[in-house]
1. So which of A:Lys67/A:Lys176; A:Lys18/A:Lys75; A:Lys18/A:Lys40 end up more than 24 Å apart, counting from Cα to Cα?
2. Can you figure out the FRET efficiency of B:Met181 with A:Arg89, using R₀ = 30 Å and their beta-carbon distance, to the nearest 0.05?
3. Just need the relative contact order of the stretch A:31-167 here, percent rounded to a whole number, with Cα pairs under 8 Å and 6+ apart.
4. Kirkwood hydrodynamic radius, the stretch A:87-153, all distinct C-alpha pairs: what's the number in Å?
5. Run the quick spin-label model on B:Thr21 and B:Arg204: label points 7 Å from Cα toward the beta carbon, then report their separation in nm to one decimal.
6. Residues with beta-carbon under 14 Å from that of A:Ser137, excluding A:Ser137: net charge, scoring Lys, Arg +1 and Asp, Glu -1?
7. In degrees between 0 and 90, to the nearest 10, how far off the longest principal axis of chain A does helix A:110-122 point, with axes built from Cα atoms?
8. Compute log10 of I(q)/I(0) for the stretch A:97-255 with the Debye formula, placing one identical point scatterer on every Cα and leaving out solvent, at q = 0.09, 0.20 Å⁻¹, to two decimals.
Amino acid sequence: MISIRDVNHNIGSARILKDINLDIPRAGATAIIGPNGAGKSTLLNLVARLQPLQTGSISIDGQDVGKTPTAQIAKALAIVSQQNFVASRLRVRDLVGFGRWPHHRGRMGPEDHEAVDQALAAFDLLSFQSRFLDELSGGQQQRAFVAMGFAQGTDWLLLDEPLNNLDMFHARALMKRVHGVSRSGAAGGRQVLMVVHEINYVAAWADHVVALREGEVALQGAPEEILTSAALSGLYEMDIQVSEHQGRPLVLHHV
Amino acid sequence: MLACGFFMLWGLPSFSPFILTLRAERLLALVVVGAAVGASTVVFQTVAANRILTPTIMGFDSLFLMVQTGLVFLFGGLSYAALPVTPKFLLETLLMMLAAMVLFSLLFGRGRRDMHRMILVGVIVGILFRSLTVFLQRLLDPSEFSVVQGAMFASFGAVDLTTLYLATGLCCLVFAVLVPMLRPLDVIALGRSPAVGLGVSYDRALVGLLGITAALVAVSTALVGPISFLGLLVASLAHALMRTHRHALLVPAAALIGAVILVVGQGVFERVLGLQSSLAVIVEFFGGLLFLILVLRGAVR
Ligand SMILES: Nc1ncnc2c1ncn2[C@@H]1O[C@H](COP(=O)(O)OP(=O)(O)OP(=O)(O)O)[C@@H](O)[C@H]1O
Ligand SMILES: [Mg+2]
């Protein structure tokens, strides 16, 4: 469980996050939704210690993020950021190999290569593996970064808008994959916490939903509870219809 | 490439067997300077996530001269010059490392991705150091001025022996510290967020790496004075030749290339062409040209 207690975050005089108290249960795949600028990425970055915590505390399965050595956290939690950019000229395989860094710290062993192979295969990247990153399309790059996060092999996986730039085929494949890893394995699978805008993917694949709005937790609960016409219309301040498809909510927001 | 480097290094002194010791000392100075400049530039460019900036373009060497001038200013020229070389050099290096670490970790800590702003800030900081140095020198009286003046121009000529051994020792020490950081450097090159995500103590490593860069620049500036564009030339060559992201290969390659350029260049100029101090000019010319090309082409990664 990720416990977030009394977390405030200010940038200058702007209050980005206001008194967040939130538990992310080990429910499998948890989706964070909310309008642009709600503070979703900021919250994810704080959990993943990419930004220093200003007030409050965050713990991941009992480990305090502020006090645990960063190398130890890297074995428990991986994050794929919303914006990814690499300055050096890097091949796809090398990038995904960096996901194994917390385990090998510079010297890849056979199990690291195996994990890299698996991640490359899982995200349909085997045919690009020796291409340079800057020679890929936007969606291919996005898949490479997500594969790097997967290869890290951590119990918690944080994905900030993993569907960015992906076509329908790869978006569905990715969500299926995420859903799959959160089920498989003896210990109940890996826990995924992801920011997703495409609400129907949330409806189809998420086990738990948290909605942020203007730096506050607006709603949280099972997808069937959150993805209702009333709740979504309030959250996004627009008229949203919700119907049903195969027992799951189907959100009509595009017309 | 290794073989080529060694061939040059070993082949050269036997070129003219007389005054061997003198030449060996000069050779050592060239190798140390070349290696220090090459390694420090590659490390710095990775930390800055920028292939155009070099420590010298950002005024590390001026910082060293400023510290030197400042110390002369504080203690008075003659009494300062009378100080033994060893503590003086170490003090200067230490002060410079501190200044560089504080200043540049502030600069690189956040939002370093904006390349154009970084270049602008870097060049301005460099000019600031240079002007401050000149300003301090204006305040000195002529006899004190002559003490620092000797350090102001790049020269591959005679080098003070004590300084040479000190610099060599310091250089070896710094390389020893740098070696275990070469693998984490690969991760640091990914940027702050990915590096932290992968469990590298980014901020601490950054300060250490800037300290290492500062020490290496101090070594080369103390030995031959400021050389602006050699590092750029060497780092670009290293990246072009090695075509890898792995610093365990890049940094030694840059050190080697730096040493080879200086040794071969100086050898050719002195022995073949009979010219005395034109190597600095030539290196600066080609380095400067490369700098312009890189800036104009824009697409540097
Ligand atoms: N460096 C910054 N300086 C000032 N304001 C910032 C900065 N970074 C983010 N913000 C503000 O913080 C708020 C939250 O940003 P955040 O990136 O967390 O939003 P988000 O919910 O992830 O949005 P999106 O859906 O667009 O990704 C926004 O209003 C943004 O304008
Ligand atoms: Mg975001």
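1. Working: A:Lys67/A:Lys176 35 Å; A:Lys18/A:Lys75 29 Å; A:Lys18/A:Lys40 12 Å.
Pairs exceeding the cut-off: A:Lys67/A:Lys176; A:Lys18/A:Lys75.
2. Numbers: r = 21 Å, r/R0 = 0.69.
It comes to 0.90.
3. On the way: 162 pairs, mean separation 42.7, N = 137.
Dividing the mean separation by the residue count of the stretch A:31-167 yields 31 percent.
4. On the way: mean 1/r = 0.0870 Å⁻¹.
Evaluated over the stretch A:87-153, this radius sits at 11.5 Å.
5. With each label point 7 Å from Cα toward Cβ, the separation is 4.7 nm.
6. Working: positive: A:Arg131, A:Arg143; negative: A:Asp124, A:Asp134, A:Glu135, A:Asp167.
Taking every Cβ under 14 Å from that of A:Ser137, the sum is -2.
7. Tilt relative to chain A: about 50 degrees.
8. Summing over Cα pairs of the stretch A:97-255 leads to -0.36, -1.29.
Every number in this text was worked out from the coordinates using simple rules, so none of it is lab data. These numbers come from a predicted model, not from an experiment. So basically every Cβ, Gly included, is an ideal-geometry build from the backbone, and we count neighbours across all protein chains shown.
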